[in-house]
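Asks: Here it is: the structure, laid out below.
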Amino acid sequence: MKLLSVITLALVAVAKADLTELSKRAAPKGIDVSSYQPNVNWATVKANGVAFAYIKATEGTGYISSAFNSQYTGATKAGLIRGAYHFALPNKSSGATQANYFLAHGGGWSADGITLPGALDIEYNPYGATCYGLSHSAMVAWIRDFSNTYHSKTGRYPVIYTTTDWWTQCTGNDGSFGNTNPLWIARYASSIGTLPHGWTFTSFWQYADSGPNPGDQDIWNGDLAGLKRMAKGS
């Protein structure tokens, strides 16, 4: 993937950097929001120094966020780089089916320089068994099915949002996605910590579930030029 080849050397050095160090590098700040934050004041968010946002579009194949359109439009008008994310329910339907549902309801990507590739939110099951009743191999196959379907339709591999703990539990710490899919790690601490197997750095870090801006608080592991390249796919 071009993104990985372009910025790997620049980012490996800060893979385990703490938040203070990343902030000193003027790393762009971001947020991710869903219908739990229906009335985001995007002009204020922009004025607070936020450069990018991920916005929940879909979940499984039966949910479309009622706030997605207004949030996505608001972020765009405010001048943020923005993208959509899909909450995976791997026990409900195939990865391909959910990727296509996501793509049909806001999850697409275009090389316009302001659209981040869609993100797959694959994490703890809020409705039941942590790993959705899937074996390690079945979970890896499901993620690959989603990823390959998204790539076939957009030319980009989706960002994978997860935690190291969940990834270890539910995929057996599979290492086969690090060369294709950018990582968005969730860890609410002062440092990124150990990454899932296969990734030498994270592209995005969700470091808190609340803060000065709406939703979860994120940071891009690089500079603004790198974030723009990420959006452009170059």
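Asks: Give, as ranges by residue number, the residues of the range 90-115 whose backbone N falls under 19 Å from the point 7 Å along Cα→Cβ of Ala129.
Replies: 90-95
Asks: Would you work out the relative contact order for the chain, in percent, from Cα pairs under 8 angstrom that are 6 or more residues apart?
Replies: Rounded, it is 25 percent for the chain.
Asks: Could I ask something else about it? Mind telling me which of Leu195, Leu103, Leu134 comes out most flexible in a GNM of the chain, alpha-carbon contacts under 10 Å?
Replies: With Cα springs under 10 Å in the chain, the top fluctuation among Leu195, Leu103, Leu134 is at Leu134.
Asks: Right, another one. Using a Förster distance of 22 angstrom, determine the FRET efficiency expected from the C-beta separation of Ala138 and Ala104, and round it to 0.05.
Replies: Taking R0 as 22 Å, the efficiency between Ala138 and Ala104 is 0.35.
Asks: How many nm is it between the label spots at Thr73 and Thr44, if each spot is 7 Å from the Cα in line with the beta carbon?
Replies: Taking the two extended label points, one gets 2.1 nm.
Asks: While we're on this one: Taking the alpha-carbon centroid of each part, what is the distance from the range 170-234 to the range 61-95 in angstrom?
Replies: So the two Cα centres are separated by 18 Å.
Asks: Subtracting the Cα-Cα distance from 0.36 nm times the residue separation, let me have the gained length for Lys153 to Tyr63 in nm, one decimal.
Replies: Here the answer is 30.3 nm.
Asks: Follow-up. Report Rg (one decimal) and Dmax (nearest whole number) for the chain, counting Cα atoms only, units Å.
Replies: Cα radius of gyration and Dmax of the chain are 16.2, 45 Å respectively.
Asks: State, to one decimal in nm, how far the label point of Thr194 lies from the label point of Asp112, with both points 7 Å from Cα in the Cβ direction.
Replies: Distance between the two pseudo-spin positions: 4.2 nm.
Bear in mind that the values in this text are calculations on the coordinates, not laboratory data. Keep in mind the model is a prediction, meaning the values are calculated, not measured. Positions of Cβ are backbone-derived with ideal geometry, glycine not excepted, and every protein chain shown enters the neighbour counts.
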